[in-house]
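First comes the structure, then the notes that go with it.
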Amino acid sequence: MTRGGGAPDALALALSPLLKPLRFLSRAGAGRVVALRELEPLVRQVVEQARPYAGDLAPRLERLQQTARDFDAATEEGRLAAIGALVKELSRLLDVPQDIAALATPPSEDARRAAIAAAAQKAGLTPDPLLTPVDRLRGVGPAISEKLRAKGLNTVQDVLLNLPRRYEDRRKRRMIAEAPIGERSVIEGNVAWLDEVRARRGRRLEVRLRDDAGDHLMLLWFHYRPSLLQRLRIGSRIVVSGDVRTGWRGGAKTMSHPDIEPVDAQGDALQLDAGSADFGRVVPVYSDVEGVPARTYRRIARRTVDEYAQHLADVLPRGVLERRALWPLADAVREAHFPDRSADVAAAAQRPAGEPHRRMAFEELFMVQLGLALRRRGVKVEPGIAFRATDESIERIVGSLPWPLTRAQHRAVHAIADDMRKPEPMNRLLQGDVGSGKTAVALCAALLAVEDGYQAALMAPTEILAEQHLRSLRKLLAHRRDLHVELLTGSLGSRERAHAERLVRSGTARIVVGTHALAEEDTAFHKLGLAVIDEQHRFGVMTRARLMKKGSRPDVLVMTATPIPRTLALTLYGDLDVSVLDELPPGRTPIATRVYRDSQRERAYDVVRRELKAGRQAYVVLPLVEESEKLVDLKAATKERDRLALDVFADVPIGLVHGRQTAQERNEAMDRFVRGEDRILVATTVIEVGVDVPNATVMLVEHAERFGLSQLHQLRGRVGRGAAKSHCLLLTGTSGAEWGPAARERLKVMEDTTDGFRIAEADLELRGPGEFLGTRQSGMPDFAVAELTRDQAILQEAREEAFALIKSDPDLRRPENAALRDAFHNRWRGRLSLARVG
């Protein structure tokens, strides 16, 4: 029932808590709006409660959430606009009579919910069972409900899709003598003795359990409820599960705060409902919900699965399910929580595995690939610039470079030229290892655009890299006095910035190199035709989108010096065409890599001294700029430069470069090192990419165990750029978790190979995609079930099906794809994740 031309009464009431804070923000002024850290969680919580009553208005709720997400990522001006858009959209939805508006702020939350329920019943609405609030579940009172919501578990659907992070096999019971120290065990026995001990910090419960062999296990609780004593009467038979620890009084093994269950003489659970979730099966283990015992949450999950899993509907097309032999989603979710048919597989893997894992991982990966297929189709359909890019112009441009291109560079230039000739915008990834010559290829593409009267922009993630690109391009274009290359970064002075912006706006600057400043609102291009984005994964989605809007559908070339494994490339850049530079220019010599413990430091310094004596130069890289109270064991760059200058290389001039310096200070330090005035350069990772000093032959990295493999490979690429043999020395800490078997395994990869793609595969496998990329704003989907290193075959299947579907039904308009279209827009467009593990 809709009255007043706006939302249904129930929906209006459910959304009403948003109106007051949004109106307040719209009147509060820019300062308060800009200072607001996050708006999306508030909007998401209210929208989730309102979604059951949305009906045909569901897309408008999604627009509310998307606007809130845009607010969190927006600039100051964008935030003000986003607040205005939210108030406007909400006001349209809440265009209802006064009697409804009067109920927008009832005296209590219970009264508001009662009003919503009454309005829904009056309108004949049937809420989606999956969107039932968690406080409606059996056994979930106000206190537990609040704790679940703090974890992001607001609805039944959230609980269903909050999958176990691992499993425990509680089907086999052990005798106490057989239970290994340090492992979880399930043990059955009789309560032989019980004592409540009063201590300074409260009471402690000690229970002695005797098994059938007469051995004893001490059970300990340091905080407990009185009701626990009712289950632990002397003589009662119980089964317990927990970590077995070393001896207590009398040398007995112990188990602290175990799960317990009363059993009969035959070992069968006396409370079937509880026992079915906790014992006698492969038991799910979820990530902790603060304030909710694991046993309690497991029972909540069990009831939720039993009552609501049946409502999970498949959105994947029937043909896909049949071709790929995928389980129904409801069955997969049931099995993922409480494995039955797949119990042996789950127990062996100790995490979601087998057919349940395959089914849900496929949907996650399918939805990502569907988004990439839709984005690729949009790029191909929308009109762009058809550059001439003739063979004659390509030969002329390539021939003007100071050195010949490699075969891989030639292939990349011709592939880019082919794309630029087409009327739809180019969207290509140029991937190459350190030193493979990506800048020269990008310059050829830029010159093809410039020859047609357009501008080219090259956006880099750091000012040091932008400045290095500027130097490289000006060196390559030394013969072109008519072609102006301009630098535009955030640290330019107001006068310099205004001058640079005038040159860009007028078109005098034909090639523009810069950082995020290129995408800022004040920056306007005369005629942008090509955008080159270096290390795209280090930019936010909004930054890239703003740069794209500076021209009329410009061609886009994405570059990365981080070799990307195939699985990650298909996920991050699956909508792009790919060119790979898989060979290095001639004249490069291999780099010898060696790992040294801190106790072997002098041996590493001897290598540096030998190279300095031969007239070479060296880098010393550290992870910090200044000393940190939290990381006192790390050498800070400023302090280490002083130590090296005084105690180790007293007669050697040493420079310092880090990200907190001004652009002028960094440029001066780099120029001194390039000219050879400073023989050693102490730096942070600001020199990770883009720095090119052929005379530098030593890269010494302190605390190498704290860097990712791909980052170490990038740092190693700063040497070996001349004809002399070069060295990469990886110094590690002396102790701690950082220097364990995993660290040794990672660093051994660096000693064994200089192949960036092999290193990237190892890095992805060891650290996962989030750490591999080093940033959460990269656009990397937050996978809950899928594991890119393990699920390569599933990814390929999902990609084939998604791209085939978009080819046959480009807009997902066929009736059989309606559910998929709605799910993609409502569930996936904002968060590319089916579920959340742990």
Problem - Residue that is modelled with the lowest pLDDT, among those in segment 18-62 that are outside any helix (DSSP H, G or I) and closer than 26 Å to Leu131 by Cβ - result: Glu38
Handout entry: First in segment 411-434 and over 19 Å from Val379 (Cβ atoms), second anywhere and of a type outside the set (Val, Ile, Thr) and in a loop (DSSP other than H, G, I, E, B), Cβ under 6 Å, 6 or more apart
Key = Asp433/Pro563; Val434/Ala561; Val434/Gly717
Handout entry: Check on Ala417, under 30 Å from Val719 (Cβ atoms) and open to solvent by less than 10 Å² (accessible area, probe 1.4 Å)
Key = no
Handout entry: Candidates Glu800, Glu771, Glu787, filtered to the one that is at pLDDT 80 or above and within 13 Å of the chain's Cα centre (by Cα)
Key = Glu787
Exercise for the section: Please specify each residue of segment 303-326 satisfying the condition of being open to solvent by less than 70 Å² (accessible area, probe 1.4 Å) and among the polar types (S, T, N, Q). Expected result: Thr304
Problem - Residue, nearest to Arg334 (Cα to Cα), within segment 264-298, restricted to residues that are crowded, with 19+ Cβ neighbours inside 10 Å, modelled with pLDDT of 85 or more and not hydrophobic (A, V, I, L, M, F, W, C) - result: Pro284
Problem - Residue ID - surrounded by the fewest Cβ atoms within 10 Å (Cβ to Cβ), chosen from residues in segment 361-399 that are of a type in the set (A, V, I, L, M) and outside any helix (DSSP H, G or I) - result: Ala386
Practice task
For segment 203-232, enumerate the residues that are modelled with pLDDT of 90 or more, at negative phi and open to solvent by 30 Å² or more (accessible area, probe 1.4 Å).
Solution key: Arg208, Arg210, Asp212, Ala213, Asp215, His216
Practice task
Write out, first by first residue and then by second, each pair whose Cβ atoms fall under 9 Å of each other, whose residues are 6+ apart or on separate chains, and whose first residue, in segment 679-695, is closer than 15 Å to Phe707 by Cα and at pLDDT 85 or above while the second is among the polar types (S, T, N, Q) and open to solvent by less than 30 Å² (accessible area, probe 1.4 Å).
Solution key: none
Practice task
Select from segment 568-596 the residues that are at pLDDT 90 or above and open to solvent by 80 Å² or more (accessible area, probe 1.4 Å) and list them in ascending order.
Solution key: Arg594
Exercise for the section: Please specify each residue of segment 574-620 satisfying the condition of being over 30 Å from Arg411 (Cβ atoms), part of a strand (DSSP E or B) and among the polar types (S, T, N, Q). Expected result: Gln617
Exercise for the section: Please indicate, with yes or no, whether at least one residue in segment 351-368 is within 27 Å of Arg171 (Cα to Cα) and of a type in the set (Phe, Trp, Tyr). Expected result: no
Fill in the blank from the handout: Being part of a strand (DSSP E or B) and touching a helix residue (DSSP H, G or I) at 6+ places or on another chain (Cβ under 8 Å) narrows Val693, Val682, Val686 down to just Val682
Problem - Residues within segment 747-765 that are under 19 Å from Glu705 (Cβ atoms) and touching a residue at least 12 places away in the same chain (Cβ under 8 Å), tallied - result: 11
Exercise for the section: Scan segment 192-208 residue by residue and report those that are closer than 22 Å to Ile238 by Cα and of a type in the set (Lys, Arg). Expected result: Arg204, Arg208
Completion exercise
Residue pairs qualifying under the 7 Å Cβ cut-off, at least six apart or on distinct chains, with the first in segment 199-213 being touching a residue at least 12 places away in the same chain (Cβ under 8 Å) and the second being open to solvent by 10 Å² or more (accessible area, probe 1.4 Å) and of a type in the set (S, T, N, Q), are Arg210/Asn190
Exercise for the section: Select from segment 473-503 the residues that are open to solvent by 20 Å² or more (accessible area, probe 1.4 Å), in contact with a Leu (Cβ under 8 Å, 6 or more places away or on another chain) and farther than 18 Å from Gly551 by Cα and list them in ascending order. Expected result: His484, Leu487, Arg497
Handout entry: Counted residues, segment 234-256 - those being modelled with pLDDT of 90 or more, open to solvent by 70 Å² or more (accessible area, probe 1.4 Å) and in a loop (DSSP other than H, G, I, E, B)
Key = 1
Problem - In segment 458-472, the residues that are open to solvent by 30 Å² or more (accessible area, probe 1.4 Å), over 14 Å from Leu443 (Cα atoms) and assigned to a helix (DSSP H, G or I) - result: Glu463
Problem - Those residues of segment 473-500 which are among the hydroxyl-bearing types (Ser, Thr, Tyr) and either out of contact with any helix residue (DSSP H, G or I) (no Cβ under 9 Å at 6 or more places or on another chain) or assigned to a helix (DSSP H, G or I) (or both), in sequence order - result: Ser494
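Yes or no, residue by residue, for (1) in a loop (DSSP other than H, G, I, E, B); (2) over 30 Å from the mean Cα position of the chain (by Cα); (3) not aliphatic (A, V, I, L, M):
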position	(1), (2), (3)
Thr296	no, yes, yes
Ile300	no, no, no
Val305	no, no, no
Ala309	no, no, no
Asp314	yes, no, yes
Val320	no, no, no
Leu326	yes, no, no
Pro352	yes, no, yes
Problem - Test result for Ile100, among the aliphatic types (A, V, I, L, M) and at pLDDT below 70 - result: yes
Practice task
Kindly provide the set of residues from segment 528-551 that are modelled with pLDDT of 95 or more, farther than 21 Å from Gln431 by Cβ and in contact with a strand residue (DSSP E or B) (Cβ under 6 Å, 6 or more places away or on another chain), ordered by number.
Solution key: Leu528
Practice task
Within segment 327-355, count every residue that is buried (at least 23 other Cβ atoms within 10 Å of the Cβ) and on the phi > 0 side of the Ramachandran plot.
Solution key: 0
Exercise for the section: Report whether or not Arg358 is part of a helix (DSSP H, G or I), open to solvent by 20 Å² or more (accessible area, probe 1.4 Å) and at pLDDT below 85. Expected result: no
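The values are calculated or read from the model by the stated rules, or taken from the named source; none is laboratory data. Predicted, not measured: the structure shown is a model, and the values here were computed from it. Neighbour counts are summed over all protein chains in view; Cβ atoms, including those assigned to glycine, are modelled from backbone coordinates with ideal geometry. Ligands, DNA and RNA are excluded from the accessible area calculation, which covers all protein heavy atoms including side chains. Shrake-Rupley method; radii C 1.70, N 1.55, O 1.52, S 1.80 Å.
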